[in-house]
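A short write-up of the structure that comes next.
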Amino acid sequence: MSREKLRRAALPPVQENIDKLEKAINEGNFYGAQQMYKSISARYVSAERYSEALDLLESGACLQLKHGQVTCGAELAFLFVDTLVKGKIPYNEDILDRVRKIYEVFPKVPLPSNMSDDEDVREFTEALGAAKTRLEGCSSFIRAAIKWSAEFGASRNGDPQLHAMLAEYIYSESTELVGFENMAKVSYHFVRGNNPKKFASTLVNFMSKCYPDEDDIAIARAVLMYLSMGNLRDANCLMNELKRQVESQELDFPESDLVQFITFLLLTLERDALPLFNMLRVNYKSSIDREPAFNELLDEIAEKFYGVQRRNPLQGMFGDLFKMM
């Protein structure tokens with residue numbers, strides 16, 4: 001018998017290890033169990049018994065997360081995806097369900113909002129650190145899963161459901177403190193997802209917490225991100241759903257020049273109207289310039305909808321130099 005066959009035969013059925021390590025977890029031996037999960041799963045991977053390695057890592061990730069061991073659980077979740085890559089496991093709904101199962105066990109803990117004394121501030125600081133740990137762990141796991149799905153059979157951007165999961169988790173773990181930076185990350189993944197209605201709900205929630213001059217920028221960014229990917233359908237769906245939810249909650253929808261620009265832009269992109277598109281950019285330049293990224297997004301939209309080639313900044317610079325010479 002070859003050495004490879006002997007190595008495969010030496011490993012027991014995976015359920016024996018799952019049961020043994022579950023017992024260790026339930027007894028509170030989190031660190032010891034973690035080392036065993038990593039070493040035993042590595043042996044299964046080395047023997048090319050990828051299915052059993054995945055079973056062990058999925059069980060370990062879920063158990064550690066259920067017991068509040070976020071760092072350990074996130075590490076095993078990441079190793080689960082790493083094993084998918086090593087085993088060249090093709091993207092399919094069954095694996096996606098297993099990724100979702102692990103994702104759903106990641107804790108979602110709201111930050112304390114009322115701070116009246118030093119003790120409350122200390123508690124808030126600790127909660128903020130814990131939220132950062134959860135977010136980093138879950139983000140690393142889901143980003144790896146997105147990369148795997150793109151490489152092994154999903155769309156070029158990765159599975160839309162995974163993007164939606166990551167967007168929701170980023171927002172849920174920073175709801176009280178979410179600002180432009182985090183909201184941009186949330187938007188980035190939602191527009192690559194498949195749930196504009198959920199995106200609208202998140203935006204409405206953000207609008208209730210942000211500064212007065214941030215709500216229209218968040219809306220504009222979301223719509224322009226959809227459009228820069230050529231997705232006019234979901235851009236319209238988002239705007240319609242935003243208006244519906246704002247009205248149903250008896251809130252005020254932003255009425256700024258920037259929102260007016262977005263409304264006119266959506267109508268313009270329904271037809272072949274490049275001159276009107278350019279005119280809108282000129283007329284609403286001061287509103288567009290409120291957010292530096294908007295002009296770049298609009299250049300991408302012009303390319304997607306009207307075939308306008310984007311100007312390379314270096315080409316323009318050298319062209320101007322040659323003219324001067």
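Think of the chain as a dipole: +1 on every Lys or Arg Cβ, -1 on every Asp or Glu Cβ, centred on the Cα centre; then among P254, V282, Y211, V282 lies furthest on the positive end.
Surface composition of the chain: carbon and sulfur make up 52 percent of the accessible area, probe 1.4 Å.
Taking 0.36 nm per residue of separation and subtracting the Cα-Cα distance, full extension of the segment from K38 to R244 would add 69.3 nm.
The alpha carbons of segment 230-282 give a radius of gyration and a Dmax of 12.7, 38 Å, in that order. In the chain, the longest principal axis of the Cα atoms and the axis of helix 293-306 are about 80 degrees apart. In this label model, T71 and R290 are separated by 4.3 nm, measuring between points 7 Å along each Cα→Cβ vector. Over the chain, Cα pairs under 8 Å with separation of 6+ residues give a relative contact order of 10 percent. Between the helical axis of 215-228 and the longest alpha-carbon principal axis of the chain there is an angle of about 80 degrees.
In Å², what does the accessible area per residue of segment 194-324 work out to with a 1.4 Å probe?
Computed with neighbouring chains in place, this is 58 Å² per residue.
From the square roots a ≥ b ≥ c of the eigenvalues of the alpha-carbon gyration tensor of segment 175-262, which class results: rounded (a/c under 1.5), prolate (a/b over b/c), or oblate? It comes out rounded by the Cα gyration axes.
Residue pairs exceeding 32 angstrom between C-alpha atoms, taken from K38/K147; K147/K243; K66/K198: K147/K243.
So for segment 194-324, averaging the separation of alpha carbon pairs under 8 Å that are six or more residues apart and normalising by length, what relative contact order in percent results?
Once divided by the residue count of segment 194-324, the mean separation gives 26 percent.
Sequence-distant contacts, meaning Cα pairs under 8 Å at least 6 residues apart, place the relative contact order of segment 136-224 at 24 percent. For K197 and K88, a Förster radius of 30 Å and the Cβ-Cβ distance give a FRET efficiency of 0.25, rounded to the nearest 0.05. Taken about its Cα centre, the chain carries a charge dipole of about 1640 debye when Lys and Arg each add +1 at the Cβ and Asp and Glu each add -1 at the Cβ. The label-point distance for Y211 and A10, in a model that sets each label 7 Å from Cα toward Cβ, rounds to 6.3 nm. Charge dipole (Cα centre; +1 on Lys/Arg Cβ, -1 on Asp/Glu Cβ; no other charges) of segment 194-324 amounts to roughly 440 debye. Computed over the chain, the P(r) tail beyond 36 angstrom holds 36 percent of alpha carbon pairs.
The values are calculated or read from the model by the stated rules, or taken from the named source; none is laboratory data. What you see is a predicted model; the values in this text were computed from it and never measured. Cβ: placed from backbone, ideal geometry, glycine included. Neighbour counts: every protein chain shown. The protein model used for the area step is the full one, side chains on, heavy atoms only, and it has no ligands, DNA or RNA in it. Shrake-Rupley method; radii C 1.70, N 1.55, O 1.52, S 1.80 Å.
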